[in-house]
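Only the coordinates and a few stated rules stand behind these numbers; no lab work does. All values reported here derive from a predicted model rather than from experimental measurement. Cβ atoms come from the backbone with ideal geometry, glycine included; neighbour counts cover every protein chain shown.
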Amino acid sequence: MLQFLSSPAILPVILLALSNLFMTTAWYGHLKFPHAGMWAAIGVSWLIAGLEYCLAVPANRIGIKAYDVAQLKTMQEAITLIVFVGFAVLVLGQKFTWHHVGGFVLIGLGAALIFHAPKPV
């Protein structure tokens, strides 16, 4: 099982999901604390974002063994949307509507196109 999770096809997905949890928290977590000063929000966000980079860089270095750069970026964006929706609904209490679903489905179709494109020669 551990060997499966550490494969160049799977480990980047795990690392990107974790890195996106950190980055989404860095970008939007401060909204839960509107009375905190702007500089405090920026400082804490930068610290959280630093942890995100410690996961995203290895994810891409490992992932390039199994995916091309466009696929890695597309995967990162798709994971970002999934993490963002969960964070927005569960942490920030935002409503998720059919407009969001429709928009994300269209983005998902675009992502599918990237993964089914012929490999460049």
Extension gain, Ile10 back to Lys73 (0.36 nm per residue minus Cα-Cα distance, nm) = 21.2 nm
Report the charge-dipole magnitude of the chain in Debye, nearest 20, computed about the Cα centre from +1 at each Lys and Arg Cβ and -1 at each Asp and Glu Cβ.
-> 40 debye
By the Cα gyration tensor axes a ≥ b ≥ c (a/c under 1.5 gives rounded; else a/b larger than b/c gives prolate, otherwise oblate), the shape of the stretch 33-101 is oblate
Tell me, what is the percent relative contact order of the chain, built from C-alpha pairs under 8 Å that lie six or more residues apart?
-> 32 percent
Paramagnetic reach from Tyr28 (point 7 Å along Cα→Cβ, amide N under 11 Å) across the stretch 77-92 | 80-92
Computed FRET value (nearest 0.05) for Ile82 with Arg61, which takes r as the C-beta separation and R₀ as 25 Å = 0.65
Value of [θ]222 nm, deg cm²/dmol, for the chain, DSSP H segments ≥ 4, -39500 (n - 2.57) each, nearest 500 | -24500 deg cm²/dmol
What's the extension gain from Gln3 to Val44 if we count 0.36 nm per residue and subtract their Cα-Cα distance?
-> 11.2 nm
What shape does the chain have by the C-alpha gyration tensor, where a ≥ b ≥ c are the square roots of the eigenvalues, rounded means a/c under 1.5, and otherwise prolate means a/b greater than b/c and oblate the rest?
-> oblate
Could you give the length gained on full extension between Trp98 and Cys54, defined as 0.36 nm per residue of separation minus the Cα-Cα distance, in nm?
-> 12.4 nm
